[in-house]
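Since every read-out is calculated from the coordinates, none of them should be taken as a lab result. Everything numeric here is computed off the predicted structure, so don't read it as measured data. Here the Cβ is made from the backbone with ideal geometry for all residues, glycine too, and neighbour counts use every protein chain on show.
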Amino acid sequence: MIRSLPNSRAYTWSFHLFVICYFIFLFAPLAVTCVLAFNDSDFPSLPWYGFTLDWFTSPGPERIGIFHDEQNLRSIWVSFKTAFWVSLFSTTVGTCTAFLFEQEEFPFKNGLYFLMLAPLVIPGVILGISLLLAANTAGTFFENTFGLDIGLFRPSFWLVVLGQFSFITTFVALVVSARLRKFDRSLEEAAMILGATRLEAIRLITLRYLRPAIIGAAAVAFLMSFENFNTTLFLIGSEPTLPINLYLQVRDGSTPVINAISLLLITGTSCLALLNLYFSKKEV
């Protein structure tokens, strides 16, 4: 819609109607999910039977709220730990990767860059299966050849971290690279002329310039890891993450406690996004 050009009344109404319908389609399911978290019903669906906080605070035995549900709280903690390590590793390696491809020249650079992007076009299911088969093959080799039983090669917490790290790092590298392309390298050169080493110039100038992108990329990596399902499903061990645990509950039939969890997640991710936006604007 070009505001400088005259538009007919029908076009204007159609445009506004499209915007309204788009946001209704986007947010109506979320709103219904949040409302049902307070529904006085044993099923996570309509009709509405009245307002209750049981799905948050009830200790049981008939109803167990999320704050007393040990299984769901444990899966939230596992997801949090997984997301923490994945975001830490991905942010570190992704930032170094951005420096590598944006500020260095080496043979086969373009080919390696496309290889780095490969996880973005590989479906998560295929990636999870491939990692599982590779880990099982490596584990069998080490056990048969050296008699070593390496836990990392079995479905486990750290295999999930490794699997998510393998593709989330690419997102971090792309976000940091996009900002690094706008960086004026003459600032680094000026710092080194004034006596700073290359590492000091990077730490005091370049990384400060990249701070909003790095923080934003870390937040995206954390959220991507926290909600990942496809890859995690094939690599999980005895400690299921929250998405896997919710899937098992929905498959077997659950209570509105899943709506309460959804409400908490929506609130938490929204606050994280707002904080990220606030600090990003503050740094610019």
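Here is how the numbers come out for the structure above:
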read-out: Mean Kyte hydropathy of 1.0 or more with a Cα span along the axis of at least 20 Å, helices from DSSP in the chain; value: 9-36, 124-146, 157-180, 207-227, 257-283
read-out: Mean projected area (nm²) of the alpha-carbon convex hull when the chain is viewed from all directions; value: 23.9
read-out: For the chain, the longest site-free run once GluC sites (Glu not before Pro) in DSSP loop states with at most 16 other Cβ atoms within 10 Å are removed; value: 106-284
read-out: Column: log10 I(q)/I(0), Debye, Cα scatterers of region 11-77, q = 0.17, 0.27 Å⁻¹; value: -0.71, -1.11
read-out: Within a Gaussian network of the chain (alpha carbon springs, distance under 10 Å), most fluctuating of Ile24, Ile261, Ile236; value: Ile24
read-out: Signed unit charges on C-beta, dipole axis of the chain, positive-most listed residue Ser14, Cys34, Phe226; value: Ser14
read-out: Simple Cβ-charge dipole of the chain, Lys/Arg +1 and Asp/Glu -1, about Cα centre, in debye nearest 20; value: 1040
read-out: Average Cα contact separation per residue, the chain, under 8 Å, 6 or more apart, as relative contact order %; value: 29
read-out: Region 61-179: Rg to Rh, with Rh as the Kirkwood radius over Cα pairs; value: 1.10
read-out: Convex hull volume per residue in cubic angstrom - Cα atoms of region 160-284; value: 117
read-out: Evaluated over region 150-199, the Cα radius of gyration and Dmax, each in Å; value: 18.7, 52
read-out: For region 213-282 and region 1-63, distance of Cα centres in Å; value: 20
read-out: Chymotrypsin sites (Phe, Trp or Tyr not before Pro), loop per DSSP, at most 13 other Cβ atoms within 10 Å - longest free stretch of the chain; value: 109-284
